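In what follows, a single structure is set out as structure tokens and then discussed.
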Amino acid sequence: SKLAALFEHPLYNIQVPEVTEKDKLFIINPTEKFSLRSSRSDEWVSSSKAETLLLTGKTAYDAYPTWLKFHIGINRYELYPRQDPLLPMLLQDLATQRIVSSVQKSGGTQLKLIMTFPNYGQALFKPMKQTRDQETPIDFFYFSDFERHNAEIAAFHLDRILDFRRIPPVSGRLINITKEIRDITTDKKLAKTFFISPAGNVCFYGECSYYCSTEHALCGKPDRMEGSMAALLPDKTLAKRRSWRSPWRRSYHKSKKAEWELNPNYCAQVRETPPYDRGHRLLDLIDMTILDFLMGNMDRHHYETFEKFGNDTFLLHLDNGRGFGTHSRDEVSILAPLQQCCSIKKSTYLRLQLLATQPYRLSDVLREALAADLLAPVLAEPHLQALDRRLGKVLVAVEHCLAR
């Protein structure tokens, strides 16, 4: 396994700083216990509502559902640890747990659903809109492209392979539209958009600002549908997040260019502007830039951080559905922060060099990681090959900076 060998490499075993209580997103009460509601139920309730059913020698933490353990493990330095025993279990839950509620997520340009499990865990479901081999038409603007469910799955694994670990876990899943959405939804607006197509397939389209109409309906075969299931982060009422506008945000205009596209010295003014004037925020943004370039994502207008940790924490790489839209073209403008600032973390640079070598080739390790997903093959082969080509271009960009 190239993937196992990669994660055993010394570059993937660099110690994170010691995590103190103030570095944890949550301080848990070790006496709070969760238990099964009854022997016939797989729902979890607080100990204030039911008798505790802990085995001898077990702690309260052992009884927590996997999603809650994931939330508790978030700290200032990482969303989840490198060698996280919870990860396979969490991915399995996302792919297989019974769905008890489906409602449309408000906001956004395209339809997304919030799925709830019996243990109160929740996931963000993005339905399949395009086949694996459909590329974004060359005349499409980046902001009018479809979001792809398989891009969300691949982005999570790529982010982990780059050792960023800033994307919440995502798994592929096959959904029964009738039983797991239509029949159980309490969302009246969503319920009104279901219909049977002339081909006899169950379809729906929801309500959103783009692509929510009968012309862009999502249809099963006859009611089976692929989608991505992303673990939700803790509710914002429990863990506030701050949204930051990216300095290299595109204009989102059909003819106007952004300032960074016109000013080659743009990075100089970014370096003088908080929060990029101190700490590692700019370097973290360049990490995100590299991730986006590798998967061809031009739609990174904002990013988020956990408010509790201030400026000294990682960036959350959320909403990656516009990645992996094209494999035949490389959008070099995505690399503008790296090229204009000529800065990169040494650890990131060394890992990129490693992933360009035969024993750990990026396309090979991502292919292996994605093979374990329920919807494998997640990416068409040309997308995997494009990763190696784009990685070479990132390394060339760094070499140009070193030469300068």
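The values are calculated or read from the model by the stated rules, or taken from the named source; none is laboratory data. Small disclaimer: the values here were computed from a predicted structure and weren't measured. Here Cβ is always computed from backbone atoms with ideal geometry, including for glycine, and neighbour counts include all displayed protein chains. We work out accessible area using only protein heavy atoms, side chains counted, and drop any ligands, DNA or RNA first. Shrake-Rupley method; radii C 1.70, N 1.55, O 1.52, S 1.80 Å.
Coupling constants for segment 264-270 follow from the phi torsions by the Karplus curve (6.51 cos²θ - 1.76 cosθ + 1.60, θ = phi - 60°), and in residue order they are x, 9, 4, 4, 4, 6, 5 Hz; glycine and proline get x. For the set 138, 28, the ranking by accessible area, highest first and with no ligand, DNA or RNA atoms included, is 138, 28 under a 1.4 Å probe.
Solvent-accessible area per residue for segment 241-403 at a 1.4 Å probe radius, Å²?
I get 43 Å² per residue for this part.
When the chain is treated as a GNM with alpha-carbon contacts under 10 Å, the residue of 146, 195, 117 showing the greatest mean-square fluctuation is 195. Around the amide H of residue 75, modelled in the peptide plane, lie the amide H atoms of 25, all under 5 Å away and 5 or more residues distant in sequence or on another chain.
State, as an integer percentage, the relative contact order of segment 241-403 based on alpha-carbon contacts under 8 Å between residues 6 or more apart. Could you put the intermediate results ahead of the total?
Values: 174 pairs, mean separation 39.5, N = 163.
Relative contact order for segment 241-403 comes out at 24 percent.
Ligands, DNA and RNA left out, the 1.4 Å accessible surface of the chain is 54% carbon and sulfur atoms. Take 269-277, 311-319, 283-291 and order them by the average number of nearby Cβ atoms within 10 Å per residue, most first; the result is 283-291, 311-319, 269-277. For segment 62-198, the C-alpha radius of gyration sits at 1.17 times the compact-globule guess of 2.2 N^0.38 Å, with N the residue count. Toward the positive end of the charge dipole of segment 259-312, with +1 on the Cβ of Lys and Arg and -1 on the Cβ of Asp and Glu, the farthest Cα among 289, 305, 279 is that of 279.
Once the mean of 1/r is taken over each pair of separate Cα atoms and inverted, segment 241-403 shows a Kirkwood hydrodynamic radius of 16.9 Å. Rolling a 1.4 Å probe over the protein heavy atoms leaves residue 374 with an accessible area of roughly 110 Å². Database remark: amide H of residue 379 closer than 5 angstrom to no amide H (H placed geometrically; neighbours at sequence offset of 5 or more, or on other chains; Pro and chain starts carry no H).
Taking only the Cα atoms of the chain, the ratio Rg/Rh comes out at 0.97, with Rh defined as the Kirkwood radius.
Computed from backbone phi with θ = phi - 60° and the Karplus coefficients 6.51, -1.76 and 1.60, the 3J(HN,Hα) list for segment 118-129 is x, 8, 6, x, 9, 9, 9, 9, 10, x, 5, 10 Hz; x is used for glycine and proline. Close amide H pairs (under 5 Å, H built 1.01 Å from N) link residue 105 with 112, 113, 114, residues at least 5 positions away or on another chain. Membrane-span-like helices in the chain, defined purely by DSSP H runs whose alpha carbon atoms cover 18 Å or more axially and whose average Kyte-Doolittle hydropathy reaches 1.0, are 281-295.
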